[in-house]
Amino acid sequence: MTNQDSPADVRILERAEHYIYLTAGFILVLAAGGLLLTAVIEMGSKIFEGDYVRAMVHLLDRVLLVLMVAEIIYTVGRITRTQLLEVEPFLIVGVIASIRRMLIITAESAGHANIQDPAFQAALAELGILAIIIFLLALAMRLLRAKKTVT
């Protein structure tokens, strides 16, 4: 066996990789659709129970999760088209995930603001850490874009 692969072998591997990405993308599309459908159904059941706030928080959580999946679908499609792995879409997913968590923490702790409560203090600490993460991810995206314009 030689160190160099034949062009036919390389093409087979490239096609296999292409179909793996396509299959993963279609599975992610189905998962996103399922998440949206179950989010609406669960929201309806919570509304019928009279728990409006939890219904909206749950719906917000699921919709933001679907946005994360959509960004991953976009990334998989782009990898399939260009055969290049890019960092920026993953940074965007990180920003969406962090914002999602911040919104959920804020919505869940609304009305429970007792500064002496350890759970409230933990939520505040988590919000601070998430804010730092979002800042760092945004800074990384800005640096990547600045690098692209230079090259």
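The values are calculated or read from the model by the stated rules, or taken from the named source; none is laboratory data. Computed from a prediction, not measured in an experiment: that's the story for all the values here. Positions of Cβ are backbone-derived with ideal geometry, glycine not excepted, and every protein chain shown enters the neighbour counts.
At-a-glance table
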read-out: Selected residue [under 22 Å from R142 (Cα atoms) and at pLDDT 85 or above] from V29, V63, V95; value: V95
read-out: Within the range 100-123, tally of residues that are aliphatic (A, V, I, L, M) and surrounded by fewer than 13 Cβ atoms within 10 Å (Cβ to Cβ); value: 5
read-out: Exclusive hit being in the same structural domain as A39 (by TED's automatic domain parsing), within 30 Å of A16 (Cα to Cα) and not charged (D, E, K, R), set I73, I92; value: I73
read-out: Single match in E108, E86 (criterion: out of contact with any Ser or Thr (no Cβ under 9 Å at 6 or more places or on another chain) and among the acidic types (D, E)); value: E108
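Each row is one residue, and each column tells you yes or no for (1) buried (at least 16 other Cβ atoms within 10 Å of the Cβ); (2) of a type in the set (S, T, N, Q); (3) over 13 Å from the mean Cα position of the chain (by Cα); (4) not in a loop (DSSP other than H, G, I, E, B).
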| position | (1), (2), (3), (4) |
| --- | --- |
| A32 | yes, no, no, yes |
| V53 | no, no, yes, yes |
| L59 | yes, no, yes, yes |
| L65 | yes, no, no, yes |
| E71 | yes, no, no, yes |
| T80 | yes, yes, yes, yes |
